[in-house]
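Student: The structure that follows is given in the form of C-alpha cells.
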Amino acid sequence: MIETFGLSKHYGRVAALSDLTVSISKGEVFGFLGPNGSGKTTTIRCLIGMLRPTAGRANVAGHDCWRDGLAVRRVVSYLPGELRLYGYMSGFSMLEFLDSLRGGGSFERSVAIAERMLGLDLKRKVRTYSTGMKQKLALAQAFADPVEVLILDEPTSALDPSARHQVLELVQQAKGHGQTVIFSGHVLSEVEAVSDRVGIMRKGRLMHLEDMHLRRNLRMVLVRFEGAPPIDFPPQLDVIIRDRREGNVLLLEHRGAAAPLLSHLGTLPVLDLAIGTEDLRTLYDRFHGPDVDDDTFADPAKPDENAQGPALIHQEFAGK
Amino acid sequence: MTAFMALVRKQMMETRWFLGLVSLAMGGLGWLGVYQTMRYLAWVQEDQANRMMARGMMRFMGGPSFDNSVLALEIARWNFPVVPLLVLSWAIARGSAAVSGELERGTLDLAMSRPMSRWTYLMAQVVSSLLGLTFMMLVLWLSNLLANRFYGIEEMPSALGVLRPCVNIFALGASVFGYTLLFSSFDVVRWRASLLGSAITIAGLVGYSVATADEFKERWGWLEWLTVFRGYAPVEAAVKAEQFGPNVGALCGVCAAGIIIAYLFFQGRDLPANS
C-alpha cells in the first residue's frame, strides 16, 4: 500500500530525511517512533505530497506521492501534528467544511464519532474548544473519511486518558476495516498496543524496524551458570545472547516455544534462571537512550525488510 | 458542495467583517463624492473668482481628462477620499494571506491534506478575493447612483459612466492582488509578502508621481511604464473612455501574469509545517 525507495529530503546541508526505504502492507498499523526532529513528520509530508523529495520516491496505492499527490490524497486522510482549525466555525461547520473538501459523504459518520464516541459539543465555536477538543474534532473527521490510508501524526498528544483509549480503539477498528494506518507518536505504550510493526527514526534515518507480533513472543532469559557459560546455542533454539555479565551470567533473547530451550538448559550446569519480557522502551532506548550518542550510529546499517525484527540490531549490539 | 465552492465560501466567511467594513466605507465615500460635488456646484455659482479657482483645482485633482462635467467632478473626488487606498489595502491583505498567510497560521494543512489540487486551492483564493473586490465596486457604484438621485443632481451621470471608473479601480486592485499573490506563493510568512506587495505599490505610486510631474517628465517619464498606476485613470474612463480598454486590459494582464506565475511557484514548492 505504501512504499518508499531511498526517500530523502534535505534542506541545504541539513538532512531531514535520509534514504528511507520501507514498505507498509494494506491493513497494517505502522508505528512511527523517534524524538522531535527525527524525520517522522518530514516522511509523512512527503507521503501526502506536501514536500518534494530531494532524492528517492514514495508511492501510496500505486500513485507517486509528489507527481500524483491529488490521487494520493484521495485515498489518504491525514491528521497533522500541529493542528490549526478555523476558530470562527462551529464544530458542525468545521466537519461540514472538511467533508466538503473531500466531496462529501462522511459528514454523518464524523458527527457520530465526534458526538457519541468523543463527547464533543459540535454547536460550540471551535475557538471555545480546548486543544484536546480540537484534536478530537480532527480525529473524528480523519476516522470518518472513506479512505484506504490513515496517517495520524501524534494523534493523542493533547488527549485525556479515556479519549486516548478511544482513539486506540478507533485505530483497531480502522485496521479491522482493512485500512492502513501510520501512527506516529511519542507515547511508546500506545504505539506498542496498536502497531503491527514499528519503525524507529533517528536524525532522519530509519534505524530499526520491529515486528511487534514477533516481539510479543519475545522473552528475555537471565541464566546463571555454574562455571563458564556456553559460547553459543544451537541455531534451532532461536536464541541470541544479548549480554554476558560478570558471575557467569548470560542474558538471552528467545522467541518461539519455551520447551526446547528449557530442555536444552536442563542439560547445562544452570544455577539460577529468570524469565521476563522486554517493553518497547528498552528497544527505543537503544537508539535514543541516555547512553546513546552520535558516535554509536556513525555508520548506521540499513534496515532490511527480510531480516527485520530485533535480530539484526541485536547482532550489531552483540558485536560492539 | 464541491471543494472549490467550500473553499470560496470559507474565504468569504472569513473575510466578511473586513469586506463589510471596506464596502461600508466605499458606500460612504461614493455618497460623499456626490455630496461634495453638489456643494461645489453651489459654491462655483457664487462668483467668477470661485469658478476660476475651482476649475484649476479640480483639473489638478481629476487629471488631463477632466472636463468639468458632474461625472468628472464626482469621479475626481474618489482620488481624495481614499477609494483607491481601500482597494489596495484589500488587494495586499488578500494576496498576502492566500498562501503564505495560511501556511504561517497552519491552516493550509487542512485544505492541502484533502484531495484538492493546488490549482483549485489557488483559484478559490483568487475568485474569493476578486469577488470581494467586485462587491466593493458594486457598493461604490450603487452609492453614487443613489446619492445622485437623492440630491437630485441636474446633470445626472449615467450608470455606465460611473461603472467604467469602478471597473478601472477594480482592475487596479486586481493587478496589485496579482503581484502580491505571487510573493505569497513562494514565501512561508505573510509579513514578507505583504511588505513586498506594499513596497512595490508605494514605489509605483511615487514613480508615477515623479514620471508625470512637469519638472521631471522629460527625464523620468519612462518610470510611468513601470507602475500599475499608469493604467489607473478613473476620470478618463468616465468622461472619454479612450484609454479605458487598454488600461483595464493592461491591469488585468498584470493580474493574470501574477496569478499564473504564482501558480507555477505554488505548484512546485514545498509546503512545510508551520513554525
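The values are calculated or read from the model by the stated rules, or taken from the named source; none is laboratory data. A quick note: this is a predicted structure, and the numbers were derived from the prediction, not measured. Cβ: placed from backbone, ideal geometry, glycine included. Neighbour counts: every protein chain shown. Keep in mind that these areas ignore ligands, DNA and RNA; they rest on the heavy atoms of the full protein, side chains included. Shrake-Rupley method; radii C 1.70, N 1.55, O 1.52, S 1.80 Å.
Student: What ratio of Cα Rg to 2.2 N^0.38 Å holds for the stretch B:155-258?
Tutor: The stretch B:155-258 yields a ratio of 1.19.
Student: Does anyone have the angle between helix B:16-44 and the longest principal axis of chain B? Alpha-carbon axes, 0 to 90°, nearest 10?
Tutor: It is inclined by approximately 10 degrees.
Student: Have a look at chain A and give its Rg and Dmax from the Cα atoms, expressed in angstrom.
Tutor: Answer for chain A, Rg first and Dmax second: 22.5, 74 Å.
Student: As I understand it, the value is the acute angle between the Cα axis of helix B:48-62 and the longest principal axis of the Cα atoms of chain B; what does it come to in degrees, rounded to 10?
Tutor: It is inclined by approximately 20 degrees.
Student: For a quick check: with amide H placed at 1.01 Å from N, whose amide H comes under 5 Å from residue A:270's, ignoring anything fewer than 5 positions away on the same chain?
Tutor: For residue A:270, whose amide H was placed from the backbone, the distant partners under 5 Å are A:226.
Student: Ok, one more. Using only helices, what value at 222 nm comes out for chain A when you add -39,500 (n - 2.57) per DSSP H run of length 4 or more and divide by the total residues, to the nearest 500 deg cm²/dmol?
Tutor: Calculated at 222 nm, the ellipticity per residue is -9000 deg cm²/dmol.
Student: What whole number of Å gives the distance from the Cα centroid of the stretch A:240-288 to the Cα centroid of the stretch B:120-170?
Tutor: Going from one Cα centre to the other spans 82 Å.
Student: Expressed in nm², what is the orientationally averaged projection area of the convex hull enclosing the Cα positions of the stretch A:51-135?
Tutor: Quarter of the Cα hull surface area: 6.7 nm².
Student: For the charge dipole of the stretch A:164-215, defined by +1 on Lys and Arg C-beta atoms and -1 on Asp and Glu C-beta atoms about the Cα centroid, which residue among A:166, A:214, A:176 has the Cα displaced farthest towards the positive pole?
Tutor: Highest projection toward the positive end goes to A:214.
Student: Now a separate question. In terms of modelled amide H atoms, which long-range or inter-chain residues lie less than 5 Å from the amide H of residue A:32?
Tutor: Residues meeting the amide H criterion: A:183, A:184, A:185, A:199.
Student: Order A:213, A:288, most accessible first, counting only protein heavy atoms with a 1.4 angstrom probe.
Tutor: Ranked from most to least accessible, the order is A:213, A:288.
Student: Checking understanding here: applying a Kyte-Doolittle mean of at least -0.5 and a length along the axis of at least 30 Å (C-alpha), which whole DSSP H helices in chain A pass?
Tutor: Membrane-span-like by this rule: not one helix.
Student: If you don't mind, another one. Beyond 25 Å, what share of the Cα-Cα pairs of the stretch B:88-233 remains, rounded to the nearest whole percent?
Tutor: Value for the stretch B:88-233: 44 percent of Cα pairs lie more than 25 Å apart.
Student: If you don't mind, another one. Quick one: Debye curve from the C-alpha atoms of the stretch A:41-187, no solvent, what's log10 I(q)/I(0) at q = 0.12, 0.16 Å⁻¹?
Tutor: Ignoring solvent entirely, the Cα scatterers give -0.48, -0.85.
Student: Could you order the peptides A:69-80, A:257-268 from most to least packed, using the average number of other C-beta atoms within 10 Å per residue?
Tutor: Taking the mean over residues of other Cβ atoms within 10 Å, the ranking is A:69-80, A:257-268.
Student: With the contact rule set at Cα under 8 Å and sequence spacing of 6 or more, what percent relative contact order holds for chain A?
Tutor: 18 percent
Student: Could you give me the radius of gyration and the Dmax of chain B, taking only the C-alpha atoms into account and expressing both in angstrom?
Tutor: Both quantities, over Cα of chain B: 20.4, 70 Å.
Student: So what's the back-of-envelope 222 nm ellipticity for chain B, counting only DSSP H runs of four-plus at -39500 (n - 2.57) apiece and dividing by all residues, rounded to 500?
Tutor: Rounded to the nearest 500, it is -25000 deg cm²/dmol.
Student: Nearest 100 Å² is fine: what is the total accessible surface buried where chains A and B meet, probe 1.4 Å?
Tutor: Between A and B, the summed buried area is about 2700 Å².
Student: Expressed as cubic angstrom per residue, what is the convex hull volume of the alpha carbon set of the protein assembly as shown?
Tutor: Per-residue hull volume (Cα only) is 176 Å³.
Student: Could I ask something else about it? Nearest 10 degrees, 0 to 90: what angle lies between the long axis of helix B:244-268 and the longest principal axis of chain B (Cα atoms)?
Tutor: Relative to chain B, helix B:244-268 is tipped by roughly 10 degrees.
Student: Right, here's the next one. Under 29 Å between alpha carbons, and skipping anything fewer than 8 positions from residue B:10 in its own chain: which lysines qualify?
Tutor: Result set, ordered by chain and number: A:123, A:125, A:134, A:136.
Student: Considering only C-alpha atoms, what is the centroid distance from the stretch A:90-156 to the stretch A:28-63, in Å?
Tutor: Value for the Cα centre distance between the two parts: 23 Å.
Student: Also, I was wondering about something else. Under 13 Å between alpha carbons, and skipping anything fewer than 8 positions from residue A:26 in its own chain: which aspartates and glutamates qualify?
Tutor: Candidates past the 8-residue exclusion: A:3, A:148, A:196.
Student: Radius of gyration and Dmax for the stretch A:85-160's Cα atoms, expressed in Å?
Tutor: When restricted to Cα atoms, the stretch A:85-160 yields Rg and Dmax of 11.4, 32 Å.
Student: Would you tell me the accessible area of residue B:200, worked out with a 1.4 angstrom probe on the heavy atoms of the protein chains, in Å² to the nearest 10?
Tutor: 80 Å²
Student: Also, quick follow-up: Would you tally the net charge around residue A:28, using a Cβ to Cβ cut-off of less than 9 Å, leaving residue A:28 out, and scoring K and R as +1, D and E as -1?
Tutor: My count for the surroundings of residue A:28 gives +2.
Student: Another question about this same structure. Would you tally the net charge around residue A:157, using a Cβ to Cβ cut-off of less than 15 Å, leaving residue A:157 out, and scoring K and R as +1, D and E as -1?
Tutor: It works out to a net charge of 0.
Student: Sticking with this structure for a sec: Excluding residue B:71 itself, what net charge comes from residues whose Cβ is under 12 Å from its Cβ, given Lys and Arg +1 and Asp and Glu -1?
Tutor: Summing Lys and Arg as +1 and Asp and Glu as -1 gives -1.
Student: Now for a different question. What is the distance in Å between the Cα centres of the stretch B:189-215 and the stretch B:238-275?
Tutor: Here the two parts' Cα centres lie 16 Å apart.
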